[in-house]
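Working notes, structure below.
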């Protein structure tokens, strides 16, 4: 029987496999040695302490000092500008319009004439009234003379009656004549009063033929023209008051009773220009709408130059509560985690520790404003001046060493290096 011969290719394959196995063992050994000899990352490149876990490398962070501020919460609300007074100025007397003295957009002062009505009929009535007053005064003089004569006659007859020179009947007739004269004088006196009152009324009616502005304002509409007949009570001109003016703001119901009337911190921002106005008086209407859950704040604002116009939209900054000391931090200092809301402050090195570390402090935010958070300073867990980490705090591990780099305050331009 023939013995099978070994192929030359089989020997070559065996040699290649043996070489690969040897190389794999060598590489594995080298890698293990490199891992053992590799330095542990840490401060100064030193290895971990004997028996302890590896140390984290220091984190590079930016920090700013916490600042204390005497302030209060503010809420931003919307609203509209309204006129304090808007009046449809009416004619108090009827008549033909002789002249309209104003046009839309005119600014008028209280008492300025707005329109003139035809005075001819009232002038005739005034002449009649003056004549009646003169007649009443003359009649009064006549009645006064008659009373004087009756009193004299009665006095004379009473004296003669004592000596039996005149009869008792004559004395009684004299008394009657004096009583009648006295009554007629009183009627004449009342006639003068009536004539004067009538004349005063006619003078008032004549004065009312000039329609006047009841307050300072601006004419926004005319409702009559020259030659038209207007009845008593018909609207001639619509007038609105613009100084002062009112801002009507809608405030959430949760602030009812807490919103302040402090005019120093209460601000009204004009939506079209961004200008800020400070009111002189603030009034809250404690009535909440059921659907919107809003109530109304009315702020009275000086408007001498007419910068605010009724109907335009505004934004109100309403102060809430009393002023209190708060610790102010940039909003970037806040970290929201499973442990709650915290900040990281820089703790100075202790003992042999060469670098400062970060320390997490739980906080309760009172309110936020303009990129900052405000925390009640009474029990905050930190104080003004403490370095609070604002960058690099999101991934900072408790107790990890930190390297604090300088950082410009928010809103401060970077400093240029000196040449």
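One line per residue, one yes/no per condition, for (1) assigned to a strand (DSSP E or B); (2) under 35 Å from the mean Cα position of the chain (by Cα); (3) at pLDDT below 90:
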| position | (1), (2), (3) |
| --- | --- |
| 308 | no, yes, no |
| 320 | yes, yes, no |
| 325 | yes, yes, no |
| 329 | yes, yes, no |
| 336 | yes, yes, yes |
| 342 | yes, yes, no |
| 364 | no, yes, no |
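State all residues of region 340-396 that are in contact (Cβ under 8 Å) with a residue 60 or more places away in the chain and loosely packed, with under 14 Cβ neighbours inside 10 Å; if no residue qualifies, say none.
Selection gives 354, 383, 385, 395.
Please pick out the residue among 147, 133, 98, 126 that is in a strand (DSSP E or B) and at pLDDT 90 or above.
Only one candidate qualifies: 98.
Give me the pairs, please: first residue somewhere in region 127-152 and within 30 Å of residue 206 (Cα to Cα) and in the same structural domain as residue 185 (by TED's automatic domain parsing), second residue anywhere and surrounded by fewer than 14 Cβ atoms within 10 Å (Cβ to Cβ) and at pLDDT below 95, beta-carbon distance under 6 Å, and either six or more positions apart or on two chains.
Listed pairs, sorted by first residue: none to list.
Determine which member of the set 285, 276 is without any contact (Cβ under 8 Å) to a residue 12 or more places away in the chain, in the same structural domain as residue 313 (by TED's automatic domain parsing) and under 19 Å from residue 82 (Cα atoms).
Going through 285, 276 in turn, the sole match is 276.
In region 113-158, how many are out of contact with any helix residue (DSSP H, G or I) (no Cβ under 8 Å at 6 or more places or on another chain) and buried (at least 18 other Cβ atoms within 10 Å of the Cβ)?
Number satisfying all stated conditions: 3.
The values are calculated or read from the model by the stated rules, or taken from the named source; none is laboratory data. Source: prediction; values computed, not measured. Glycine also receives a Cβ, built like all others from the backbone with ideal geometry; neighbour counts cover every protein chain displayed.
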